[in-house]
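First up is the structure itself, then whatever we jot down about it.
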């Protein structure tokens, strides 16, 4: 069974989003690495107050573990990618004539779209925060 022109357009749009997602994943990973580098530099700054004079709650805090920010971003990007992959396979199966309900494909399509939009907004906020942090200096 040949895919309809609308099906081809949907698949092309899906592939375009998938390639954009790969680019954003690279950007977010780079931002995460830069953020972790800034955190490590900030943790090397010696405080003006000695640890004996600081409140217990501040003295007991620990620096963040290496790569935590990267792991959270990477996990989120992979979840969004998985949603798009699942949607793409369901769409292909439906266009091939397999017994896939239309409402399932539409639901997966909407979930993937919302997840992608949320990832774009998260990237924009992180980039804005990163630019603000860099302009502040240490």
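Each value in this text was obtained by applying a stated rule to the coordinates, not by laboratory testing. Computed from a predicted structure; not experimentally measured. Don't worry about glycine lacking a Cβ; one is built from the backbone with ideal geometry, like all the others, and counts go over all protein chains shown.
What order do you get for 127, 73, 95, 122 when you list them from fewest to most C-beta neighbours inside 10 Å? Please list the in-between numbers first.
On the way: 127 13, 73 22, 95 19, 122 16.
By the 10 Å Cβ count, ascending: 127, 122, 95, 73.
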Quiz item: Can you sort 136, 94, 87, 118 so the residue with the fewest Cβ neighbours within 10 Å comes first?
Solution: 136, 118, 94, 87
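Taking other Cβ within 10 Å of each residue's Cβ, how do 100, 68, 80 sort, fewest first?
Exposure proxy ranking, most exposed first: 68, 100, 80.
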